[in-house]
């Protein structure tokens, strides 16, 4: 699942935009399950991550770039 964090939760988007010298930023949330491999060490095996944040900023050419993720 992937969803927009919402305007209230996205107030940090301005801070993200400033951090990456971008005009705009957006925060998306996702929830996902990790299998027994644990993502080869990057996640906890057999766990569920809820409201994992994905931060995107709009670059000078108008394309959106993934710049950060996590809690």
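Keeping to the range 39-54, report how many residues are farther than 18 Å from residue 11 by Cα and either in contact with a strand residue (DSSP E or B) (Cβ under 8 Å, 6 or more places away or on another chain) or in a strand (DSSP E or B) (or both).
Qualifying residue count, the range 39-54: 8.
Quick one: residue 65 ticks every box in (1) in contact (Cβ under 8 Å) with a residue 12 or more places away in the chain; (2) in a strand (DSSP E or B) except a single one, so which number is it?
For residue 65, the exception is condition (1).
Condition check ((1) over 11 Å from the mean Cα position of the chain (by Cα); (2) farther than 25 Å from residue 6 by Cβ; (3) free of Cβ contacts under 8 Å to residues at least 24 places away in the same chain) across all residues:
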| residue | (1), (2), (3) |
| --- | --- |
| 30 | no, no, no |
| 33 | yes, no, yes |
| 44 | yes, yes, yes |
| 53 | no, no, no |
| 57 | no, no, no |
| 71 | no, no, yes |
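Would you confirm whether any residue within the range 4-18 is surrounded by 11 or more Cβ atoms within 10 Å (Cβ to Cβ), in a loop (DSSP other than H, G, I, E, B) and touching a helix residue (DSSP H, G or I) at 6+ places or on another chain (Cβ under 8 Å)?
Scanning the range 4-18, I find no residue that is surrounded by 11 or more Cβ atoms within 10 Å (Cβ to Cβ), in a loop (DSSP other than H, G, I, E, B) and touching a helix residue (DSSP H, G or I) at 6+ places or on another chain (Cβ under 8 Å), so the answer is no.
Every number in this text was worked out from the coordinates using simple rules, so none of it is lab data. None of these values were measured; they are calculated from a predicted model. Quick reminder, even Gly has a Cβ in these numbers, built from the backbone with ideal geometry, and neighbours come from all protein chains shown.
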